[in-house]
Amino acid sequence: MSFPAPGPPDIPQVMTDSRGVSRFLAPEDPLAVLAGVLGRPFLDYRRRWDEAKNFVSVPPFPLHVDYEMLPACNLRCPMCLMAGRDKSADSLDIIGNEAEARAGKKAGEKAGEKTGKKAGGNKGFSAKDGLKTPGGQEEEEKEEKEKGRGGDGSEKDKNNPDLKTLSPAAVKTLLDEGAERGQASMGFGGLWEPLLSPHIASLVAHGRQRGLVEAMFNTNGSLLTADVSRDLISAGLTRIMISLDAATKETYKLMRPGSDLGLVEENVREFLALRDRAGSRLPLVRLSFCLTSLNEREWPAFVERWRGKADFFSLQSYGRFSPDSPALFPRQRPVPVPAGICAQPFKRLLVRHDGRVLPCCDLSGLPLELGGMEDGLETVWRGEKLAALRARIRGPEKGLPRCCRECQGKYEPRED
């Protein structure tokens with residue numbers, strides 16, 4: 001198996017991710033740019049991040065926490081296992097369609113007429129589990145009034161009583177806890193599409209106001225309207241990672257069914273223009289390309305298409321995420337599969353939409369439930385389950401949980 005050329009000579013590889021499954025290309029190191037803008041707090045955060053990544057020390061609280069606001073996506077991409085995981089609950093029909101309606105005429109779906117209700121809605125915050133379910137919240141101000149305490153003010157959605165989404169009040173409570181205990185960075189989306197939630201900008205603003213240094217998320221970009229972009233920029237988002245995966249409309253339709261390359265590219269260009277007009281260097285914009293058999297020939301054209309516009313690029317390995325895995329594996333691999341040790345449980349946590357807490361943001365980590373958000377993230381972080389997992393990671397390879405052993409293996413093509 002061969003490895004693709006990283007890119008033009010003037011766009012060098014600046015780093016790989018901690019698991020070695022992606023390579024990042026940029027004319028200027030994005031971490032250096034962030035340090036120049038954010039200053040000493042960012043440098044201190046990255047020093048602690050590197051210490052955790054290299055197993056020098058375990059921080060007293062996770063340095064980064066991802067908050068998965070809801071279990072839905074508006075696309076059905078062939079390389080993503082999550083595309084089929086919410087079908088039983090039809091969460092796309094409940095949440096996704098409302099978010100698409102918010103995109104209005106620009107989405108090209110003839111959804112310019114008002115739907116008569118807001119997306120993501122339900123009342124209140126449950127002191128018991130900090131969760132809410134879609135159902136009838138008219139104004140976020142009511143949730144703000146309750147200040148994260150309000151008794152059990154949640155209600156079940158009539159069509160999907162088991163579908164739960166994180167309450168903005170619950171996330172703000174977690175952000176307050178993190179700000180007091182050393183958390184430096186926050187992410188949104190988890191395993192799904194974050195812009196289906198209308199609360200991302202307000203949560204970014206809350207976390208930044210409380211002193212968190214970084215705020216970021218991955219998105220398919222289809223719902224990144226001008227209004228959403230303005231809100232995110234003014235809220236203090238520091239990075240946005242947009243998955244495009246193609247240089248031509250034909251290939252994009254194969255990689256991102258249900259979306260439109262022209263629309264998303266215009267969203268990206270508008271986001272960059274709005275950032276420039278705001279006189280801000282941030283948020284940095286990363287454009288992502290997941291290498292598969294469908295698009296591998298377009299990687300050079302993709303880089304050229306966005307040269308001088310995107311702040312940096314991500315060339316990602318395809319993993320065994322879908323029933324079409326063997327057919328989707330490319331002839332080339334972005335980076336060699338490493339034999340290193342995963343450091344995610346030493347530096348981060350993921351809070352899922354239903355309140356479960358996991359030690360990593362990879363699909364493979366879904367079986368590794370550590371507890372619930374109602375326990376408090378500090379309790380989970382210092383708990384016996386995570387301590388035992390860290391010990392197994394640092395110990396003999398054969399002592400790893402099966403899902404951890406198989407995690408890197410999913411990047412190796414093999415027949416099912």
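No lab work stands behind these numbers, since they all come straight from the coordinates. Since the model is a prediction, treat every value here as computed from it, not as a measurement. Cβ atoms come from the backbone with ideal geometry, glycine included; neighbour counts cover every protein chain shown.
A prolate overall shape is assigned to region 186-286, the ratio a/c of its alpha-carbon gyration tensor axes (a ≥ b ≥ c) being 1.5 or greater and a/b exceeding b/c.
Distances between placed amide hydrogens fall under 5 Å for Trp192 paired with no residue 5 or more residues away or on another chain.
Express the relative contact order of region 348-389 as a whole percentage, based on alpha carbon pairs under 8 Å and six or more residues apart in sequence. 29 percent.
Region 24-73: which GluC sites (Glu not before Pro) are DSSP loop and have at most 14 other beta-carbon atoms within 10 angstrom? Within region 24-73, the qualifying GluC sites (Glu not before Pro) (loop, at most 14 other Cβ atoms within 10 Å) are Glu28.
The calculated FRET efficiency for the pair Asp29 and Asp375, based on their C-beta separation and a Förster distance of 41 Å, comes to about 0.60. Ordering Leu263, Ser243, Ala278 by Cα displacement along the dipole of region 229-329 toward the positive end leaves Ala278 in first place; charges were set at the Cβ atoms of Lys, Arg (+1) and Asp, Glu (-1).
What does the net charge come to around Glu250 if you take all other residues with beta carbon closer than 14 Å to its beta carbon, with K and R at +1 and D and E at -1? The answer is +1.
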